[in-house]
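Worksheet for the structure shown next.
The values are calculated or read from the model by the stated rules, or taken from the named source; none is laboratory data. This one's a predicted model, so the numbers in the text were calculated from it and none came from an experiment. For neighbour counting, all protein chains shown are included, and Cβ atoms are generated from backbone atoms with ideal geometry for every residue, glycine included.
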Amino acid sequence: MLLRSATRIPGRAGTAASAVALAAILASPIAVGTASGDPASVQRSPMRWHMQSTNAHMSLVGDGARAKLTRTSNGISYAIDTHSLRAGHAYTVWVLVINNPAACVASPCAPTDILKNPETDSQVLYGTGHVVGSSGQAGFGGHIARGPLPQGWLPGGGLKDPLGAEIHLVLNDHGPKLAEFMPGMIRTYRAGCTDASLPGLFPPSAIADGEPGPNTCRLWQVAVFQ
C-alpha cells in the first residue's frame, strides 16, 4: 500500500470533489475473515502526491496507483502498487501510526500533530524499501504487529489500536542509487541524502538514521487510511 478493485481510479484531471469522494469510497472498511477466524477490515486508498514531489499536494498520482491496508486486532498489513517513480532511485516506505487521531487538529492528521503532539500517541517507523526499475513502477508491502515499536522515531510509540488507528504510508525518494551508500538507502530514512533536504520538523532520531550523502531526499507519495 495488489490492490485491484472494481473501482477505477481517475487521473489527475478529475475534479477535487470527485477525488475526495473516491478517496472516501476506497478508504471505507470491508469486513472479511482470516484463516484463523480473526475478523479483518480491508481498506483501499489511491496514492497521492506529496508536495516535495513538486506536484500539487495530495493530488492523485493516477490510474492504477493505489494502496491497501488490512487490519486485525493483532496488527496491520499493507501493500502499495504504484507508478511515476524515478527509475534507478532508491525508495523507502514509512509507516505513520496515530493511535489517537481524535487529538489531531487537522484531519487527516498533519505532521505537527504526529511529531509534536504527544496526545496523538503516534509512531513513525521504517516499513520496507528497494531500488525502482526502468518502468518507474513498483510494489511495496509489509506487516506490523500490535505492541511496542521501539525502533521508531518517537520514544514509547507503538501500534496500540490496529483497528482504529489512523495510518499513513509515505514513500521517500533517496535519489539515484549510490553503491557506497547501499543498503542504507533502502533501509534508513536519510542514507545518501544531504542535511539541507531533510525537513526541519523531523526529530533527531530521523536525521541520524543513515549516512549523509550528496543526494536530495524527497517525500514522494502518500496513502492515508482513517
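What the table below lists for this structure:
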| item | result |
| --- | --- |
| Segments classed as strands (runs of 3 or more DSSP E), wholly inside region 1-113, with at least 1 members that are at pLDDT below 95 and in contact with a Cys (Cβ under 8 Å, 6 or more places away or on another chain) | none |
| From VAL170, VAL132, VAL124, residue being β-branched (Val, Ile, Thr), touching a helix residue (DSSP H, G or I) at 6+ places or on another chain (Cβ under 9 Å) and modelled with pLDDT of 95 or more | VAL124 |
| Residues located in region 181-196, provided they are surrounded by 20 or more Cβ atoms within 10 Å (Cβ to Cβ), within 15 Å of GLN52 (Cβ to Cβ) and of a type outside the set (D, E, K, R) | TYR189, CYS193 |
